[in-house]
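> Right, I'll just put the structure down here and ask away after.
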Amino acid sequence: MSSQLNHNRRNFLKIAAATGGGLLLGFNWTDSEAAVSGAPLKGVAAPAIDFNSYLSINPQGVITILSPNPEVGQGIKTAFPIIVAEELDADWKNVVVEQAPLDTQKFERQVAGGSGSIPHSWKRLRVAGATARHMLLEAAAKRWNVSASDCTTSKGFVLHAASKRKLSYGELATEASKMPVPTDVKLKEIKDFKLIGQTIKNVDNPGILTGKPLFGLDFHREGMLIGMLQRPAFGYKLKSVDSAAAKAMPGIVNVVTINNSVAVVGKSTWQVKKAKDALKIEWEKDGNLESTSDHNRIFKEMLDSPTTTVRRKDGDVETAFKNAAKVIKAEYQCPFLPHSPLEPMNFFAHVKADSAELVGPSQTPEAARNQTAKLLGLPPEKVSVQLTRMGGGFGRRLNTDYAIEAVQVSKAVNAPVKVMWTREDDMTGGIYRPAVRYRFEAALDAQNNLIGYKLRGASINAGNATREDNFPSGAVENLLIDSIDHKSPITTGPWRAPITNFLAFAEQAFLDEVAQAADKDPVQFRLELLDKAKQKPTGKVTYDVDRMKGVIQLAVEKSGWGKKKGVSQGFSVYFSHRSYVAQIGEVVVEKGKPVLKKVYSAADCGIVINQSGAQQQVRGCVVDGIGHAMYGNMTFKDGIPDQKNFNDYKLIRMNEIPEIDVHFVQNEIDPTGLGEPSLPPAGAAVANAIFKATGKRLYNQPFVETEVFKGVS
Amino acid sequence: MALFKLQINGKSYQTEAEADTPLLWVLRDNLGLFGTKYGCGIAQCGACTVHLNGEATRSCMLPVSAIGTSKVTTIEGLSKNGDHPVQKAWDEVDVAQCGYCQAGQIMTAAALLKRKPQPTDAEIEATMSGNICRCGTYHRIKEAVKVAATKK
C-alpha cells in the first residue's frame, strides 16, 4: 500500500539554508534526523536552531525535530518524531527532539485533546520526512552524477550500490537544502516500516529520571514572584477581605483582588501559602448553593420531565414497548470528579507594557494566548507561550483559567509571577467531570429480539450527556435517545474521554443486563446486534461493524471467554475517539468480596506507532477507568466541595490494580488516537464481571460505596 | 528567618528560611533543586520523597528545622550520571508517562532495595502503594523495581 500524495503547498513553508550549513525544512509538524553509524551523535553541538523551521540536519548528521504539540503524558513528543524519522530513513539514535513553543504561523492544532494529534498529523509528518529524504537522495545523485532512482537510503545515509558509495545526510544537508521541493512525494509502503511499530522509549526519560526541571511548576526566573489565590466556592462571590495580617507576614509583596478571588504574592512558596491561610475573607451568596443531595433530587425530576431534547429517534418506540414481551429498565449514576493531575495547576506570566510572556503547562496554548491578548488589549503576536512538559492533564488543562489568572496577577503587581495552586485549590477550584444519571429501557419480543431501546441522559452541566449515534444505535429499529441538563454553579469541563467515560459504563452494563434477560451470552448478544447494524441498519451507523467485531473476537480469543474455570468474566466494548476497544474483566470472590484480578484489552487504533507508548496508554486508561469507577467521588454541601485532598479523595494505588493484558488488532489502517479510547469500556468490564461473580448489578459509581463492596475501604 | 546548614547530595548548603518551612520548598525555592515534586503537601502522594539518612521520607511535611545534621539525598543526588540501578531500570522498562511522580517513585524504590535487595511482590506493593501515579504506570513501576533488583 504505497501512497502518492499531492501534498498541500501550505504544509511546506520554505526551505532555507540552516545557520552554519544544513537543511532546514518547514512543514507542519515535523522533523527528523540522520547520520553516521556507530555511536550516537547527540553529544555533537548542533548549529543554532532556526525556529522558523521544524526539521534540521547539521553537518555532523544530528537531526533536530521540533515537536509542536503539548506533551501531557500521552507520548506525543516521542510518537511524532518517530513518524518523521521513519519516512526520512533516519537513524533514531541521532535524533534530538525539542519542544516547540506556540507558533500558529508554522504549526496547526497545537492541542493535546480528543485523542486527535496522531490522526490529524499522520500524513503531514510522513510527507515531511519523505520530502527531506527525497531531497537528500537528489543531492547525492547530483554529486555522484548518477540517477536518483539508482540510489537508496538507510539509517541516515544515501547509498549507491553499483559504485558502493555512500554519503551521510549530514554531508549532504547543505546541498540538499538547495534542491527543489518535490510536490508529490512517494511514501513508504507500510510493510517497509522500520521504526514505526517498534518499542521506542520516551525521549524525555533522561530528564525525568534525574529530576531535571521539565514541568511548569519547575519553571524559575530570577526575580520572579510566587502567587496563590483564594477562590470562592460555587455560588459565592467575594464580599470583603481583611489582608492586614497576610500583608505583614515575611516575604509578602502584595495582596490583590482579582475578580472574586484574592491573590497573595510573595517571594517564596511557603511564605505565600501561610499568608494565604491568614487571609480573613467574607464571601456572600451569588447563586444557588447546591449540594449533592439536591442533585440526587434534580436527577429524578429530570428523568421524569416531559421537556427534553430529542437526540435521535428511529421507528416507533411507543408501539415497540407496547408490544414487548419483556421490558428491562435500569438507572445508572456517576458523580462529579476532579481531574487530579499530579502536577497542580500553575502558570508563569510576565506582563510588560507592550507584550506578555507566558510559560507553563497547557493543553490549549493558542487559546491561552488569544485570551491573554484580548484581556490585555495586545495583538496576539505580542504574547508568547512556551510549553513545558505537563504533569498530567486529563482534560483539566484544556481550560485556560489558571493561565489567565497568572496574567491578571502579573499585571496587577507589575512583576513576573508564577501562580501555583495547592492540591486543595486544585481539587476545590472547579472544573469537574459532570455528574450524570441515565435511564435505560429495553423492549424484547417473545423471541428475545431487542425491538425497542430508550436512553435518557440527565446531567449537571454536561450539555448533551448522550452520544446518540453510538452502538447500539443503528442496530435497533425503534429507538429514542434524549437528554436534559441542569445548569449549576459547579463548573464542569472535559475529563479524559468526555461523556463516554461514564456513558460507556452505563450502556455496556445495561446491555449486559438485557443480554441476561434475553438469555443470551453477552458477547453473542452484541455480535447479533452488530450483524443487524451491518445487514439491516436502522438510520445512521457511525461505527465500523467489522472493526468492532474484530476487537471483540481478539478479546474473546485472548481471554478464553466462556471457557475459563475459577474466574468470573465480564465483557464490554466501545468505540470512541475513532478507536475500537473490547475488554474482558476477571473477578474472583475472596473473603466474600469481589476482587478484580485481570483485564484483557483488545484495541483497534489502526497502525501502532510506538509499542511502548501504545501499551502504556492502554494500561493507563484501564487503571484510570477502573480507579475512578471504583473510588472517585466528589460531593458538595451548599456549593462547597467535601473532598479537598488525597486523604479524603481516593486515587487508585499499586496494590489495587489488576493484571492488564494488552493486545492490538494488526492492520494497515491510518492510526487513530490512544489517549482516551481504552478508558470508557473499563468500568463495565469490571461491573459485568462482578455481576457474574456475585449476582449483584452495579448501577452507581463509585463502586466501592455500593452494597457489594460494603466494608471495603 | 533562621540560617540552616544542610547536607544535601554530599554537599553543604547554607540557606535562610522560616523554621517551619518544609524541606520540599527549601529544596525547590531556596536551592533550585526542582527534581523533588509537590503533589499534595500532606504526605499522601509520595511525589516529594527524598532520602533522610538513606530512608525514604516525605519532604512536604518535614520542617527544615527538624533536619539537623541528617544527610539528605534528592533525585539529583541519587547517582552522578543518572545511572543508579533504579534509574537504569526505569529507563529500560520505559516507566514514565507524564513523568511527574517518577522522581518520588524512584526514591521510594531505591530506599526499598537498599533495605531489601530482593523484595517479594507483596513487599514491592506494600512499599510502592504509598506513591500515587495518576497516569497509572503501576505495572511498569513494579516491573522496574524487579529489574533494578537484578542490577548492581
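Every number in this text was worked out from the coordinates using simple rules, so none of it is lab data. Nothing here was measured: the structure is a model prediction, and the numbers come from that model. No Cβ is skipped: glycine too gets one built from the backbone with ideal geometry, and neighbour counts run over all protein chains shown.
> Fewest first, what order do A:483, A:149, B:79, A:459 take by the number of other Cβ atoms within 10 Å? Numbers along the way, then the final one.
Numbers: A:483 22, A:149 8, B:79 16, A:459 27.
The order, fewest Cβ neighbours first, is A:149, B:79, A:483, A:459.
> Assuming R0 = 56 Å, can you tell me the calculated FRET efficiency for the pair residue A:520 and residue A:248, based on Cβ-Cβ distance, to the nearest 0.05? Please list the in-between numbers first.
Working: r = 72 Å, r/R0 = 1.29.
That gives a FRET efficiency of 0.20.
> To the nearest 500 deg cm²/dmol, what mean residue ellipticity at 222 nm is calculated for chain A from DSSP H runs of n ≥ 4 alone, each contributing -39,500 (n - 2.57), summed and divided by the residues?
On the way: 16 runs with 198 residues, N = 713.
Per the formula, -8500 deg cm²/dmol.
> Here is a further query. Averaged across A:200-206, how many Cβ atoms of other chains sit within 10 Å of each residue's Cβ atom?
Values: counts 1, 6, 7, 0, 3, 10, 3.
So the per-residue partner count for this stretch is 4.
> Whole-Å semi-axes of region B:85-149's equivalent ellipsoid, largest first, each the root of 5 times a Cα gyration tensor eigenvalue? Walk me through the numbers on the way to the answer.
Values: eigenvalues 54, 31, 20 Å².
Value: 17, 12, 10 Å, ordered largest first.
> Cα centroid distance between region A:402-417 and region A:125-188, in Å?
Region A:402-417 and region A:125-188 have Cα centres separated by 50 Å.
> Let me ask something additional. Considering only C-alpha atoms, what is the centroid distance from region A:463-495 to region A:355-381, in Å?
That distance is 33 Å.
> Do the alpha carbons of any pairs in A:280/A:637; A:239/A:274; A:212/A:411; A:650/B:37; A:77/A:188; A:155/A:191 sit beyond 24 Å of each other, and which pairs?
Numbers: A:280/A:637 21 Å; A:239/A:274 22 Å; A:212/A:411 29 Å; A:650/B:37 20 Å; A:77/A:188 22 Å; A:155/A:191 17 Å.
Long pairs (Cα-Cα over 24 Å): A:212/A:411.
> What are the ³J(HN,Hα) couplings of region A:472-479, residue after residue, when phi is run through the Karplus curve with 6.51, -1.76, 1.60 and θ = phi - 60°? Round to Hz, x for glycine and proline.
Going residue by residue, I get x, 4, x, 10, 10, 5, 10, 8 Hz, with x marking Gly and Pro.
> At a Förster radius of 56 Å, what calculated FRET efficiency corresponds to the Cβ-Cβ distance of residue A:670 and residue A:267, to the nearest 0.05? Mind showing how you got there, number by number?
Working: r = 52 Å, r/R0 = 0.93.
About 0.60, to the nearest 0.05.
> Using modelled amide H (1.01 Å from N, peptide plane; none on Pro or chain starts), what sits under 5 Å from the amide H of residue A:239, excluding residues fewer than 5 places away?
For residue A:239, the qualifying residues are A:282, A:283, A:284.
> As a check on your grasp of the helix formula, calculate [θ] at 222 nm for chain B: sum -39500 (n - 2.57) over DSSP H runs of n ≥ 4, divide by the residue count, round to the nearest 500.
Details: 4 runs with 43 residues, N = 152.
Calculated from helices alone, the mean residue ellipticity at 222 nm is -8500 deg cm²/dmol.
> ³J(HN,Hα) across region A:515-530 via Karplus (A = 6.51, B = -1.76, C = 1.60, θ = phi - 60°), whole Hz, x for Gly/Pro?
Karplus values, whole Hz, x for Gly and Pro: 4, 4, 5, 7, 6, 10, 4, x, 6, 4, 4, 5, 4, 5, 5, 5.
> Now, a different point. Output needed for chain A: three equivalent-ellipsoid semi-axes, defined as square roots of 5 times the C-alpha gyration tensor eigenvalues, in descending order, whole Å. Mind dumping the intermediate values first?
Numbers: eigenvalues 400, 284, 90 Å².
Gyration-tensor ellipsoid for chain A: 45, 38, 21 Å.
> Taking amide H positions as placed in the peptide plane 1.01 Å from N, state which residues far from residue A:326 in sequence (5 or more) or on other chains have amide H under 5 Å from it.
A:444
> Compute the separation of the alpha-carbon centres of region B:73-106 and region A:640-713 and state it in Å as a whole number.
Measuring centre to centre over Cα atoms gives 28 Å.
> Could you list which residues have their amide H under 5 Å from that of residue A:700, counting only those 5 or more apart in sequence or on another chain, with H placed in the peptide plane?
A:333
> Right, next: Got a sec to turn the phi values of region A:544-556 into Karplus ³J(HN,Hα) couplings, 6.51 cos²θ - 1.76 cosθ + 1.60 with θ = phi - 60°, whole Hz, x for Gly and Pro?
Values per residue, Gly and Pro as x: 8, 4, 5, 5, 5, 5, x, 6, 4, 4, 5, 5, 4 Hz.
> Same structure, new question: Could you tell me which of the pairs A:644/B:146; A:123/B:80; A:382/A:644; A:558/B:142 are separated by over 32 angstrom between their Cα atoms in the structure shown? Please report the intermediate quantities before stating the final value.
Working: A:644/B:146 35 Å; A:123/B:80 42 Å; A:382/A:644 38 Å; A:558/B:142 23 Å.
Check vs 32 Å cut-off fails for A:644/B:146; A:123/B:80; A:382/A:644.
> Moving on to the next point. Measure off 7 Å from each Cα along the Cα-to-Cβ vector at residue B:122 and residue A:536, then give the distance between these two points in nanometres to one decimal.
Result: 5.8 nm between the two label points.
> Considering the Cα positions of region B:2-76, please state its Rg to one decimal place and its Dmax as a whole number of Å.
10.9, 29
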